[in-house]
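The values are calculated or read from the model by the stated rules, or taken from the named source; none is laboratory data. Computed from a prediction, not measured in an experiment: that's the story for all the values here. Here the Cβ positions follow ideal geometry from the backbone for every residue, glycine too, while neighbour counts run over all protein chains shown. Calculation scope for accessible area: heavy atoms of the full protein, side chains included, ligands and nucleic acids excluded. Shrake-Rupley method; radii C 1.70, N 1.55, O 1.52, S 1.80 Å.
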Amino acid sequence: MSSAEVKEPLHRQKLLWVKRSITLVFGIIIWYLPIPWDLTPDAWHLFAIFITAILGVLIDALSIFTASIIALVAVVLLRVLTPERAFSGFSESFILLILAAFLVAKGVIKSGLGRRIAFLLIRRFGKSTLNLGYCIVATDTLLGPAIPSNTARSGILYPIAHALSLDTGSLPTPEGRKKTGGYLMMTAISGHTISSALWFTGMAANPVGAGIAAQFGVNMNFGNWVFVASVPCIIALIAIPFVLYKLYPPEIKYTPEAPKMAKNALHEMGPMCKQEWIMGITFFGMILLWAFSPVLNINLAIVAFLGLSILILTNVYTLEDIRQGTGDALETYVWFAILYMMSTALNDMGFMKTLGAQIAAQISDYNWVTVYIFLTVLYVVIHYLFVSQTAQLLALYAVFLQVAVNAQVPAALMAFMLSFATNYFAVITPQASSSNVLFAGSGFLPSEDIYKQGAIITVLNTVIFLLATPWIIWSSSL
């Protein structure tokens, strides 16, 4: 080994510790700054720990898992939160849904059903990676109105995207993911933001926003929602796969032989085996139960665990499989639970509402167009501090809408825009939505790539929806 080869790892190690030192100094400075706006010391100190953890991930000083673990230790040892509050995120049902969906997705892959679906898509659309990107987005959009949880929908989409990545020659390694997997996974979570915004039933928080908007005299229902959302969402759904194809390009762009290879592979696989049939029927049953969960009053996480139980009892996915292959699922479950807990605690301490009210008060004297644009952009940017779309909507939606109405912004315009933004900003960070975490834990999408590409897609979505303002004003007034 040459001296240059020896020095390179040492240089990277030194750079890593420099980044970690910068992160620590940043956190200490924020901790000891004067506490603003009559916030409690605990609220400010929790914010200091939270924003420091995010910075550590952003500058690649720490993995998102390591940053979360250190943050958990810090909030307890520094007595910012009680141990009971600090561990509360691990008991949230929707976070358990993520864990169960991750394991079920592995069952889809192991049974061979994921490969079969991927080969069917490749046979029909597989001449280019761009076509496959559009295929993923279209599949998700069609599922949107039937499944009222974007997290549950991601559990359906993930194994398909994973199988497509593997069967187009991509692997979850630093080099292998560049072939097709990184692009396909990023396209999936980016398209997810718009499929959720297009349908009133596409995300659980949409009806919640409608309930708040009704207090301001704005009517939102399934019909007028999809009509108002249609123009900006269709434009965004067309633009996202293409923009990512240009800015986050897959190394393998054209696969003219892929359809023929997929046809041969399907021939070799033969008819569906017993495990595939069990997996397919179980998966379809889960989709139906998720779709009708509001009517049947069934918990989404229980549906996922029911499916997992069936797979284990029928040996489609065994306990040995769980023991050997759940590292990524467990890692994802841990970091998301911790960050969700911190975000929720900040909200409960009044930090988010105070921040929104303070900033909004500074712009109340401007003309309504300026206020409308500023509030929209601000609402999107603030999501860097949230781990739950619903939590942000509950904390800030009514505050921002009231400020907008006071500044003469049309109530229906602001209400719809805030509701749409609650969906389309969901890719701004890896933890911005629970629907991201399966993909973030796949090995195909490093956290820093999601931050970079997620920022680009969030800007693209924001611009598209703001440019659609005349349409939203007109269509929401009918």
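Values computed for the structure shown
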item: Conditions (1) assigned to a helix (DSSP H, G or I); (2) open to solvent by 10 Å² or more (accessible area, probe 1.4 Å); (3) not aromatic (F, W, Y): number failed by G443; result: (1)
item: Among the residues listed as F292, F305, F284, the single one being among the aromatic types (F, W, Y), open to solvent by 40 Å² or more (accessible area, probe 1.4 Å) and in contact (Cβ under 8 Å) with a residue 24 or more places away in the chain; result: F305
item: Subset tally (residues that are farther than 14 Å from V463 by Cα, open to solvent by 30 Å² or more (accessible area, probe 1.4 Å) and of a type in the set (V, I, T)) for region 235-255; result: 2
item: Top-ranked residue of region 308-329 - restricted to ones that are open to solvent by less than 50 Å² (accessible area, probe 1.4 Å) and of a type in the set (S, T, N, Q), ranked as nearest to G155 (Cα to Cα); result: T326
item: Extreme residue, farthest from V108 (Cα to Cα), among residues of region 142-153 that are in contact with a Lys or Arg (Cβ under 8 Å, 6 or more places away or on another chain) and open to solvent by less than 10 Å² (accessible area, probe 1.4 Å); result: G144
item: Any hit, region 79-86, residues being of a type in the set (A, V, I, L, M, F, W, C) and touching an Asp or Glu at 6+ places or on another chain (Cβ under 6 Å); result: yes
item: Among the candidates G182, G176, residue that is without any contact (Cβ under 8 Å) to a residue 24 or more places away in the chain and open to solvent by less than 40 Å² (accessible area, probe 1.4 Å); result: G176
item: Where a residue in region 154-168 is surrounded by 23 or more Cβ atoms within 10 Å (Cβ to Cβ) and its partner, wherever it lies, is among the acidic types (D, E), with Cβ under 6 Å and at least six apart; result: L157/D140
item: Scan of region 213-223 for residues that are part of a helix (DSSP H, G or I) and crowded, with 19+ Cβ neighbours inside 10 Å, ordered by number; result: A213
item: Near pairs, Cβ below 9 angstrom, 6+ apart or cross-chain, from region 3-23 (over 19 Å from L62 (Cβ atoms)) to any residue that is modelled with pLDDT of 85 or more and outside any helix (DSSP H, G or I); result: none
item: Pairs with Cβ under 6 Å, 6+ apart, first in region 82-98 and more than 12 Å from I338 (Cα to Cα), second aromatic (F, W, Y) and surrounded by fewer than 20 Cβ atoms within 10 Å (Cβ to Cβ); result: none
item: Extreme residue, most open to solvent (accessible area, probe 1.4 Å), among residues of region 103-141 that are within 27 Å of I302 (Cβ to Cβ) and in contact with a Lys or Arg (Cβ under 9 Å, 6 or more places away or on another chain); result: I109
item: Subset tally (residues that are of a type in the set (V, I, T), modelled with pLDDT of 95 or more, open to solvent by less than 30 Å² (accessible area, probe 1.4 Å) and touching a Ser or Thr at 6+ places or on another chain (Cβ under 9 Å)) for region 60-83; result: 0
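A quick yes/no check of all residues on (1) under 24 Å from I456 (Cα atoms); (2) at pLDDT 95 or above; (3) open to solvent by 30 Å² or more (accessible area, probe 1.4 Å); (4) more than 24 Å from the chain's Cα centre (by Cα):
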residue	(1), (2), (3), (4)
I338	no, no, no, no
V381	yes, no, yes, no
V405	no, no, yes, yes
A432	yes, no, no, no
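Condition check ((1) in contact with a Pro (Cβ under 6 Å, 6 or more places away or on another chain); (2) at negative phi; (3) of a type in the set (A, V, I, L, M, F, W, C)) across all residues:
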| residue | (1), (2), (3) |
| --- | --- |
| I136 | no, yes, yes |
| R153 | no, yes, no |
| L166 | no, yes, yes |
| G169 | no, no, no |
| K178 | no, yes, no |
| N206 | no, yes, no |
| G209 | no, yes, no |
| I212 | no, yes, yes |
| I235 | no, yes, yes |
